[in-house]
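To start, the structure under review is shown below, and the notes come after it.
The values are calculated or read from the model by the stated rules, or taken from the named source; none is laboratory data. Owing to the predicted nature of the structure, the values given are computational and were not obtained by experimental measurement. Heads up, the Cβs are rebuilt from the backbone with ideal geometry, glycines too, and the neighbour counts pull from every protein chain shown. Calculation scope for accessible area: heavy atoms of the full protein, side chains included, ligands and nucleic acids excluded. Shrake-Rupley method; radii C 1.70, N 1.55, O 1.52, S 1.80 Å.
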Amino acid sequence: MAIFVSLVITSGRFTNSPQWKQDANAHLPHSKGLVRDSATLKRTQIVPTLDAPIMRGTNLIWCASFQLAWKEVAKALAHEAPLVNGAESFCNRLNAASDPRQFLAADTFYAIGGGMDAINRIRSELPGRFPAAQLPGFGVVSPDSVIAYAYLQADVPFALPFFDNDRAVEFREASGGAVKVKTFGISAKDDYAYHRLRAQVRVLFGKDSHEPDAEFAVDPDQHSSSDHRGSC
């Protein structure tokens, strides 16, 4: 089985400009992100489902695109649960996962599964749906292969724009090293201000804690459309 998954996230961050309201619904250009073979990532794993275990000192990246592709394979197999020899645990997690299409707007993704004819369909259909998408390279594929492909593009405009912080945040790695990371939000120096912007944020889970292992998650815009929130 050959599985090709592509994820493009178009930033939902707007600068504090008078133009932000009229630009909010405009198509945002794709920024050039990180392109790297996942096998070269030393402490980061690309996982297919949200229930994948997190090992201490590692990062996990998940996106619904993998489940989209897998569900298309199941549909191509007359809704039978796909299984791959030697990857039973991997397949069982994907088969048990919910179908993310029920949570996504139809114009945010393209997914297909099937035999060799799927390759020609991808080449003809994807550019019409997402003109900026780069067609995948399929290489040499045997005639009896099962093809699974998904492309997901998330567009997340915020009702009120956050600020790009002028100072990088120092992120401490598990190895002890420090890395400076660009962030957006509300800086500590503005602790007294922007009450409406603060009210836009919703804490999904967590507690007020300064412990290094504290776990929490936030929704930057609790009023944004459910079609575009929570998919990536």
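Selection of first residues in the stretch 190-207 that are at positive phi and of second residues that are among the aromatic types (Phe, Trp, Tyr), restricted to Cβ pairs under 9 Å at least 6 apart or on distinct chains, gives the following pairs, ordered by first then second residue: 194/163; 206/216.
Checked against the criterion of being at pLDDT 85 or above and out of contact with any strand residue (DSSP E or B) (no Cβ under 9 Å at 6 or more places or on another chain), the candidates 202, 123 yield just one match: 123. The sole residue among 186, 147 that is under 18 Å from residue 68 (Cα atoms) and among the hydrophobic types (A, V, I, L, M, F, W, C) is 147. Going by what's in this entry, would residue 80 be described as modelled with pLDDT under 85, open to solvent by 60 Å² or more (accessible area, probe 1.4 Å) and more than 17 Å from the chain's Cα centre (by Cα)? For residue 80, the condition - modelled with pLDDT under 85, open to solvent by 60 Å² or more (accessible area, probe 1.4 Å) and more than 17 Å from the chain's Cα centre (by Cα) - is met. Taken over the stretch 56-69, the criterion of being part of a loop (DSSP other than H, G, I, E, B) and among the hydroxyl-bearing types (Ser, Thr, Tyr) is satisfied by 58 alone. Scanning the stretch 212-232 for residues that are open to solvent by 60 Å² or more (accessible area, probe 1.4 Å) and at pLDDT 75 or above returns 215, 216, 218, 222, 223. Restricting attention to the stretch 82-121, the residues that are more than 15 Å from residue 68 (Cα to Cα), among the β-branched types (Val, Ile, Thr) and not in a helix (DSSP H, G or I) total 1. In the stretch 37-55, the residue that is most open to solvent (accessible area, probe 1.4 Å) out of those that are within 20 Å of residue 173 (Cα to Cα), out of contact with any Asp or Glu (no Cβ under 9 Å at 6 or more places or on another chain) and in a loop (DSSP other than H, G, I, E, B) is 42. Of all residues in the stretch 132-158, those being buried (at least 20 other Cβ atoms within 10 Å of the Cβ) and touching a helix residue (DSSP H, G or I) at 6+ places or on another chain (Cβ under 7 Å) number 8. Looking at the stretch 180-197 only, could you name the residues that are open to solvent by 60 Å² or more (accessible area, probe 1.4 Å) and either hydroxyl-bearing (Ser, Thr, Tyr) or within 13 Å of residue 43 (Cβ to Cβ) (or both)? Hits for the stretch 180-197 are 192, 194.
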